[in-house]
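These notes concern the structure reproduced below.
The values are calculated or read from the model by the stated rules, or taken from the named source; none is laboratory data. Everything quoted here is computed from the prediction, not taken from an experiment. Cβ placement follows ideal geometry from the backbone for every residue including glycine, while neighbour counts extend to all protein chains displayed. Side chains are part of the model used for accessible areas, which takes the heavy atoms of the whole protein and leaves out ligands, DNA and RNA. Shrake-Rupley method; radii C 1.70, N 1.55, O 1.52, S 1.80 Å.
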Amino acid sequence: MEGFIFERAVLEFAKYFPKESQKKPFFYHSIRVGVFLWNQGYSEEIQIAGLLHDTLEDTKISEKEIENLFGKNVAGIVKANSKNHLLPKEEILEDIVKRCSDYGIDAMIVKIADIYDNFLFYKKEKNFSEIERCKKLANLVLKYKKDHDDKIFYFLGEILSFDNKIILLGSGDTLGTPVVGCNCEICQTEKRTRFGIFITYNGKNILIDANPDLKLQFLENKLDYKNIDYIFITHTHTDHINGLGELSFRKEIPVFYSNDEINSRNMNYFNYLEGEKVIKRISYKNFEEIILEKNIKIIPLPLNHGFPTSGFVIFLGNIKIGIFSDTNLNLDEKILENLKNCDYLFFDGFSENKEQILELYKQIGEEKTLEDLEKIWFHTTIEELKKLKNILKPKNLVVVHISHIAGKYNYLQEKYKDLIIGKDGLSFNF
Ligand SMILES: [Zn+2]
Ligand SMILES: [Zn+2]
Ligand SMILES: [Zn+2]
């Protein structure tokens, strides 16, 4: 009957358990790893190896003793899962994973169970640097996966994508949809709140623009102002900035804005928030890289919006995100160059086409031509984005800053299958 040997292993382990107090409850961790492997249907040998995986490192038991008690395979798996302290510190993790991989799938299974339990533990503790370490190990396991295949590899995905996400808070334009007083068909059914993006990466939260619908968006997405670490402002048009007044926590959240005269002047309106220690103003300069954290880097770039406006290229580890919410396509080659091969590119798609803009002018009694638009119109069309996608080759091009005139979501998504039509609350885990 299965289980008796496991029990014996627990008792042996307890016998060898060090008397001095430990940094974390590693006996409990070991038991969980063993039980997890039982739950997943692995052999008793693997369960026991899981239970004992830390014992060579942390107790006085020897490999020989493990072998005598539980056999060669258990001892071999535990050995593969133990650090080689003779190596330089930076090589230790990779060396373990490599040896587990060389030993075989049994050792890999125990390694993954070990990483996964640590991940769950540190997730509870909200210890993001340890979660980072779990992610690093998970990546190493994938690196040395070779031909090994097993359902346990599935758990790595959960670790790697944990908490890293982008939420499109609002997909709408300056007015938002529905537009007050508008009787158009789209305004009867669609909802597009003002533009904003919330990014979570390794426990840090970045808010792009503070729009007037911020409160509703935070409630809707169960977010908390308290957890914002950085705010980046593309420009100080009201639909991108008025939400700053929603913030109330005395956390001195750094608010990055463009150092040009107009944006700086408009930011002065929020001096009272700085006085109350809610925000801290920090100006940025286009093209100058800002390093927020290890692995988080942002480059502001000048756009063409008829108003000093920036777009952002954000690097989160290996992930590249582009955010160009308010601009037409009369941009310098070298600006667009920065947007090549984004994993996620959020781009202005105010209308479906230019004819809709001419119609818009007509409604206010102004007759314009397509040539006029070149000089007076500072947004992009979804038709243009379709072409842009072929040039910039982003993995995902998300259309944002969409006005009511662009059309209904279903119509647009059906017609532009290569693009992701923005939708409030749309989120991407990465
Ligand atoms: Zn805007
Ligand atoms: Zn409308
Ligand atoms: Zn604007």
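For the reader, a short list of remarks on this structure follows.
- Enumeration of residues in the stretch 325-334 that are surrounded by fewer than 22 Cβ atoms within 10 Å (Cβ to Cβ) and at pLDDT 95 or above: N328, L329, N330, L331
- Filtered by the rule that a residue be closer than 14 Å to T236 by Cβ, in contact with a strand residue (DSSP E or B) (Cβ under 9 Å, 6 or more places away or on another chain) and open to solvent by 10 Å² or more (accessible area, probe 1.4 Å), the stretch 297-316 gives L303, H305, P308.
- Taking the criterion of being touching a Phe, Trp or Tyr at 6+ places or on another chain (Cβ under 7 Å) and closer than 14 Å to V10 by Cα, the residues of the stretch 51-69 that qualify are L51, L52, D54, T55, T59, I61.
- Pairs are defined by a Cβ separation below 7 Å, a sequence spacing of at least 6 or placement on different chains, a first member in the stretch 366-379 that is under 18 Å from S325 (Cα atoms), and a second member that is assigned to a helix (DSSP H, G or I) and within 16 Å of ligand 3 (Cβ to nearest atom); the pairs so defined are W377/I357.
- Which listed residue, of K285, K294, K277, is open to solvent by 50 Å² or more (accessible area, probe 1.4 Å) and touching an Asp or Glu at 6+ places or on another chain (Cβ under 6 Å): K277
- Subset of the stretch 219-240 (residues that are more than 15 Å from P300 (Cα to Cα) and either without any contact (Cβ under 8 Å) to a residue 12 or more places away in the chain or open to solvent by 10 Å² or more (accessible area, probe 1.4 Å) (or both)): L219, E220, N221, K222, L223, D224, Y225, K226, N227, D229, H237, T238
- In the condition set (1) surrounded by 16 or more Cβ atoms within 10 Å (Cβ to Cβ); (2) within 30 Å of L37 (Cα to Cα), G157 is compliant with all but (1).
- Just so you know, in the stretch 222-254 the residues that are of a type in the set (A, V, I, L, M) and within 16 Å of ligand 3 (Cβ to nearest atom) include one that is nearest to T309 (Cα to Cα), and it is I233.
- Of the residues I199, I262, I206, the single one that is outside the structural domain of F128 (by TED's automatic domain parsing), within 16 Å of ligand 1 (Cβ to nearest atom) and either surrounded by fewer than 20 Cβ atoms within 10 Å (Cβ to Cβ) or in a strand (DSSP E or B) (or both) is I262.
- Residue selected from the stretch 372-399 under the condition β-branched (V, I, T) and more than 16 Å from N304 (Cα to Cα), by the criterion surrounded by the fewest Cβ atoms within 10 Å (Cβ to Cβ): I391
- Residues satisfying the stated conditions in the stretch 211-223, i.e. in contact with a strand residue (DSSP E or B) (Cβ under 9 Å, 6 or more places away or on another chain) and either within 16 Å of ligand 1 (Cβ to nearest atom) or not aliphatic (A, V, I, L, M) (or both): N211, P212, D213, L214, Q217, F218, E220, N221
- The set of residues from the stretch 161-186 being more than 16 Å from ligand 1 (Cβ to nearest atom) and surrounded by fewer than 18 Cβ atoms within 10 Å (Cβ to Cβ) comprises S161, D163, K165, V180, G181, C182, N183, C184, E185.
- Residues (modelled with pLDDT of 90 or more and open to solvent by 80 Å² or more (accessible area, probe 1.4 Å)) located in the stretch 134-147: K143, K146, D147
- Answer residue from the stretch 61-78, given it is among the charged types (D, E, K, R) and in contact with a helix residue (DSSP H, G or I) (Cβ under 6 Å, 6 or more places away or on another chain) and is most open to solvent (accessible area, probe 1.4 Å) among those: E63
- Only helices (runs of 4 or more DSSP H) whose full extent lies in the stretch 1-87 are considered here, and the ones with at least 3 residues that are hydrophobic (A, V, I, L, M, F, W, C), over 22 Å from I105 (Cβ atoms) and in contact (Cβ under 8 Å) with a residue 12 or more places away in the chain are 4-16, 26-39.
- Selection count where residues are away from ligand 1 (no atom under 16 Å from the Cβ) and open to solvent by 50 Å² or more (accessible area, probe 1.4 Å), scope the stretch 241-259: 7
- Total residues in the stretch 187-196, condition more than 15 Å from K408 (Cβ to Cβ), open to solvent by 10 Å² or more (accessible area, probe 1.4 Å) and part of a loop (DSSP other than H, G, I, E, B): 1
- Within the stretch 228-264, considering residues that are hydroxyl-bearing (S, T, Y) and within 19 Å of F324 (Cα to Cα), the one nearest to ligand 2 (Cβ to nearest atom): T238
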